[in-house]
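Below: one structure, written as structure tokens.
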Amino acid sequence: MSRTPIPSSAPSRRFFLTATGAVTLGAALSACGGGDSGGSSAAAKPVSRADIDKAMRKPTQLTFWTWVPNIQREVALFEKKYPAIKVNVVNAGQGIKHYTKLRTALKAGSGAPDLAQIEYQAIPTFTITDSLLDLGPHGASALKGEFVDWTWGQVSGPKGEVWAIPQDTGPMGMLYRKDVFDRHGIRVPETWDDFAAAARKLHKADPDVYLTNLSANEPAAWHGLLWQAGANPYGVSGKSDLSISVDDTVSKKLGTYWGGLAEEGVISTDPDFTDGWYAGFNKGKYATWLTAAWGPAFLSGSAKSTAGKWRAAPLPQWDAAKPASGNWGGSTTAVLRSSKNAIAAAQFAQFLNSDPASAKLFATEQSFFPATKALLTDPSFTGGAAPFYGGQKVNELFASIGDTVDPAFQWPPFYDQAATDWIETVGKSLADKSDAGAALGAWQTRLTTYAKKQGFTVKGT
């Protein structure tokens, strides 16, 4: 499935998050076997400038697994600067297919690429198996200030390791139908209490319209809302200590809120990225979409009949005095520790995402929402008036929203399992209009049981 014009990292998120065949941690751990060949494991001390210059003059072919369409244009910029290095771009699949192939190659000890596209939520799956090269000794630590703070928190380790270079992001906001709001006298909700009141008012006035759709098959959106609410659902310490708190006080607040609105029938819970969901936007069934920064470009291509009727705003807040948001989506470039071309690969990962021309291509050609501070303050990016949104400067809005994302949020080392279990518990409760609180408890139990079977010592609520 493709989504136009949204970048392919968006469909990959859906494939990954809704996949049901989760790979066990035991299998992931065994993927390290045979993965230590090459010179990259000696990166405990800084790589010298002389060694970097030597490596970049040596004829080398790098293999890069990525699902990003038309990325050859960015690659060409790197090859022009370093003509001795050639990059073989391979699309090994999207989402679970991509990660499964990567794990399989690591386990076999052969066939793994030098570099791979990895989403933020998947990084712990590979760091816990020692599969990624620490890019810090290769100069990546110096790039910290060039990227949005929370993205660096997603790719860095507790000892200052740099496991990947951020490429794109998805800070969450709200797209809304201004015409529907105006027709029903609804003000843009500033708080979640305002949002609930508006949902009841709108659906009572027009039973065919819902203020929003919270998809029962989209754990990524739920995690983004958890993130915004200040939850800390996961925490990893070392290789074996894990905290799981998906039914703590904050999570229960979300469960009560969204479960209640679903039970009342004033929001819909249709599965997203389906024919019915697309039709819902075009027919005016949904008056808002709680989405990420990639959402505006996506919606303008998927709901063309509604052009000019939409506007963007920050998410409603739990505490209006403390603006906050979460993130949904985005990916990175990581170097596999098994690479025999570690220096060249590390330089490519850094260039691809920090070189101004390359980073700008991602924003203009693939419609990625940037991770670099320079682009997020560049008037050529933020100043564009979007006709689909009534001339609003949507990029500027989402750039400011990105500043409110908490950098401390963590992911578990088995996010695919967490996503599957969410769909089968919390997501099901939303679709069934049943007890979301009980579903959160079931999610907590399932994840705790799974983690213990994988050898983790688990702390939870």
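The values are calculated or read from the model by the stated rules, or taken from the named source; none is laboratory data. Worth saying up front: this structure is predicted, and the values here are computed from it rather than measured. With ideal geometry, Cβ positions are generated from the backbone for all residues, glycine too; neighbour counts draw on all protein chains shown. The protein model used for the area step is the full one, side chains on, heavy atoms only, and it has no ligands, DNA or RNA in it. Shrake-Rupley method; radii C 1.70, N 1.55, O 1.52, S 1.80 Å.
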Using the heavy atoms of the protein chains and a 1.4 angstrom probe, tell me the accessible area per residue for the chain in square angstrom. 38 Å²
Take every Cα pair under 8 Å in the chain that's 6+ residues apart, average their separations, divide by the length, and report that relative contact order as a whole percent. 29 percent
Starting with the highest mean, order 363-370, 54-61, 405-412 by the number of other Cβ atoms within 10 Å, averaged over the residues of each peptide. 363-370, 405-412, 54-61
The stretch 102-249 - percent of accessible surface contributed by carbon and sulfur, probe 1.4 Å: 47 percent
Within the P(r) computed for the stretch 158-218, what percentage of the Cα pairs occupies the region above 17 Å? 55 percent
What three numbers, in Å, describe the spread of the alpha carbons of the stretch 126-170 along their principal axes, ordered from the longest? 26, 23, 17
Using the scaling law 2.2 N^0.38 Å as the reference, what is the normalised Cα Rg of the stretch 161-289? 1.23
Ordered by packing density, taken as the mean number of other Cβ atoms within 10 Å over each peptide's residues, highest first, how do 282-290, 104-112, 332-340 rank? 332-340, 282-290, 104-112
Contact order normalised by residue count of the stretch 128-224, Cα under 8 Å, 6+ apart, percent: 17 percent
For the chain, what is the mean residue ellipticity at 222 nm derived from helices alone (per DSSP H run of n ≥ 4: -39500 (n - 2.57); sum divided by total residues; nearest 500 deg cm²/dmol)? -12000 deg cm²/dmol
Descending Cα extents along the principal axes, the stretch 305-461, whole Å: 52, 49, 35
The stretch 235-252 to the stretch 340-384: how many Å between their Cα centroids? 33 Å
If you bin the C-alpha pair distances of the stretch 287-347 every 5 Å from 0, what whole percents do you get? 3, 12, 17, 13, 11, 10, 9, 9, 9, 6, 1
Which three numbers, in whole Å and largest first, are the semi-axes of the equivalent ellipsoid of the stretch 222-364 derived from its Cα gyration tensor as √(5λ)? 33, 26, 15
Using a 1.4 Å probe on the protein chains only, how many percent of the accessible area of the stretch 279-431 belongs to carbon and sulfur? 54 percent
Output the peptides 419-427, 185-193, 205-213 sorted from most to least packed, where packing is the average of other Cβ atoms within 10 Å over each peptide's residues. 419-427, 205-213, 185-193
How large is the translational diffusion coefficient of the stretch 79-191 in µm² per second when you combine the Kirkwood radius over alpha carbon pairs with Stokes-Einstein at 4 °C and 1.567 mPa s? 74 µm²/s
